[in-house]
Amino acid sequence: MDQIQAISALAALGQPTRLETFRLLVQREPEGVSAGELARAVEVPQNTLSAHLSVLSHAGLVRGERHSRSIIYRADLTRFRELVEFLLKDCCAGRPEICTPLLHDLVSCEPNKGGCA
């Protein structure tokens, strides 16, 4: 991931409805969520959600797959990993004590016990 792609992804997530939508999609992996169900969950009209999904899709963070008459949206976890790796790459600048606590918190995250703090 390059800087322009990272900025696009961060900008896409920098809006409350899009962030909430993306987080919901991550929680619902791997089955995904239909557009109608997403709209109800984030409490926005479907046309508004469609615009938000377009921004997230353009940033590469979500993708939609047609299933019969509906579209099922899923988070692109590979792209999300690339974004996180971009943000963390060389974060230590030769000083591992800076990133070690963060990485430890991420590794010790227990989804079955309420998720990460």
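Tally time: how many residues in the range 63-83 are touching a strand residue (DSSP E or B) at 6+ places or on another chain (Cβ under 8 Å) and in contact (Cβ under 8 Å) with a residue 40 or more places away in the chain?
Final tally of qualifying residues: 4.
Which ones in the range 27-65 are under 18 Å from residue 6 (Cα atoms) and of a type in the set (A, V, I, L, M, F, W, C)?
Selection gives 53, 55, 56, 59, 61, 62.
Given (1) part of a helix (DSSP H, G or I); (2) under 14 Å from the mean Cα position of the chain (by Cα); (3) not β-branched (Val, Ile, Thr), where does residue 40 come up short, assuming only one miss?
It is condition (2) that residue 40 fails.
Can you spot a residue in the range 56-65 that is of a type in the set (A, V, I, L, M) and surrounded by fewer than 18 Cβ atoms within 10 Å (Cβ to Cβ)?
Within the range 56-65, none of the residues are of a type in the set (A, V, I, L, M) and surrounded by fewer than 18 Cβ atoms within 10 Å (Cβ to Cβ).
Quick one: what pairs do we get from the range 18-44, first residue under 16 Å from residue 60 (Cβ atoms), second of a type in the set (S, T, N, Q) and assigned to a helix (DSSP H, G or I), C-beta under 8 Å, 6+ apart or different chains?
Correct list of pairs: empty, since none qualify.
If you scan the range 1-37, which residues turn out to be assigned to a loop (DSSP other than H, G, I, E, B), charged (D, E, K, R) and within 18 Å of residue 83 (Cβ to Cβ)?
Within the range 1-37, 2, 29 qualify.
For residues that are assigned to a loop (DSSP other than H, G, I, E, B) and surrounded by 13 or more Cβ atoms within 10 Å (Cβ to Cβ), scanning just the range 69-100, find the one that is modelled with the lowest pLDDT.
92
So if I check each of 18, 28, 63, which one is touching a His at 6+ places or on another chain (Cβ under 9 Å) and at pLDDT 95 or above?
18 is the lone residue from the list that is touching a His at 6+ places or on another chain (Cβ under 9 Å) and at pLDDT 95 or above.
The values are calculated or read from the model by the stated rules, or taken from the named source; none is laboratory data. Bear in mind that the values here come from a model prediction, so they are computed numbers and not experimental data. Note that we place each Cβ from the backbone using ideal geometry, even for glycine, and neighbour counts take in every protein chain shown.
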